[in-house]
Amino acid sequence: MINIKMRALAMIDALYNTFSISGITWIAISLTSYFIGLNCHRLCRGHPITHPLIITALLVGLCLYFSQTSVLHYQQSASLLHWLLGPVTVALALPIYRQWQRLRHYGWRLLISIAIGGVIAPLTAWLALYLLDAPSAMQMTMLAKSITTPLAMEASEQIGGIPALAAVFVIVTGVVGAIVSSGMFLLFKVTDRQAQGIALGTVAHAVGTAKAIHMGDDVSAMATLGLCINGIFTALVLPLLFSLFG
């Protein structure tokens with residue numbers, strides 16, 4: 001009940017900030033930057049380095065720098081965009097529904113494959129930070145690096161991570177995964193297209209799924225399943241584990 005009230009207050013605060021002059025300005029800048037990013041991505045034929053989120057972040061960052069606006073002020077002004085991450089997360093149920101027959105066909109084999117990939121990828125990254133004696137908050141944030149941005153930000157906040165940094169980790173992971181995936185498939189002789197789709201969606205999330213779309217419908221379908229199931233699995237399990245053993 002308390003959580004629902006907090007969400008309602010957050011929505012009211014987001015709407016209040018949105019209809020201020022500052023809110024309208026920064027949301028317009030954000031949306032315009034994203035529109036430019038989409039067009040650049042299309043012109044470059046979907047190359048991962050030109051992902052719309054990267055271009056959007058760069059353009060908004062430049063606007064903040066030249067206008068001498070703090071990131072905190074931008075977050076408050078454009079808080080509606082952050083609030084909308086909740087509905088976006090719920091919308092992940094739609095791709096799972098569309099691919100329900102595939103999920104039923106492969107059953108537990110598919111779920112175990114996604115779960116293993118979803119555990120190994122973040123744990124190896126976390127271990128590297130642990131061995132390098134990185135700050136605890138950064139280590140916790142890294143555990144959510146292989147799921148899509150809305151889920152990663154929520155999950156990292158629940159386990160003591162840094163939501164904004166989680167978004168950065170997610171984007172970098174997706175771009176790197178999409179770039180090196182073709183070479184990895186050749187190196188390890190992964191020729192099955194459905195296995196390629198699961199790997200892209202599970203480890204490289206949305207950016208990997210975007211690449212899978214260009215590889216064919218069968219690859220993109222499995223990538224979508226990997227993205228959604230791993231995202232939901234990680235977002236549920238991480239906070240639960242930290243509440244039990246933290």
Problem - Filter result for the condition that a residue is in a helix (DSSP H, G or I), outside the structural domain of residue 44 (by TED's automatic domain parsing) and closer than 14 Å to residue 114 by Cα, over 206, 212, 199 - result: 199
Practice task
Scan region 142-152 and give yes if some residue there is surrounded by fewer than 20 Cβ atoms within 10 Å (Cβ to Cβ), on the phi < 0 side of the Ramachandran plot, modelled with pLDDT under 85 and out of contact with any Asp or Glu (no Cβ under 6 Å at 6 or more places or on another chain), otherwise no.
Solution key: no
Completion exercise
The correct count of residues that are assigned to a helix (DSSP H, G or I) and touching a Phe, Trp or Tyr at 6+ places or on another chain (Cβ under 8 Å) in region 141-189 is 4
Practice task
Search region 70-115 for residues being of a type in the set (Gly, Ala, Ser) and closer than 19 Å to residue 155 by Cβ, and hand back the single one that is modelled with the highest pLDDT.
Solution key: 115
Exercise for the section: Check 194, 158, 139 and return the single one that is modelled with pLDDT under 85, outside the structural domain of residue 75 (by TED's automatic domain parsing) and of a type outside the set (A, V, I, L, M, F, W, C). Expected result: 158
Completion exercise
Counted residues in region 99-133 being loosely packed, with under 14 Cβ neighbours inside 10 Å and either of a type in the set (D, E, K, R) or in contact (Cβ under 8 Å) with a residue 40 or more places away in the chain (or both) come to 3
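The values are calculated or read from the model by the stated rules, or taken from the named source; none is laboratory data. Just so we're clear, the structure is a prediction, and the values are computed from it rather than from any experiment. Neighbour counts are summed over all protein chains in view; Cβ atoms, including those assigned to glycine, are modelled from backbone coordinates with ideal geometry.
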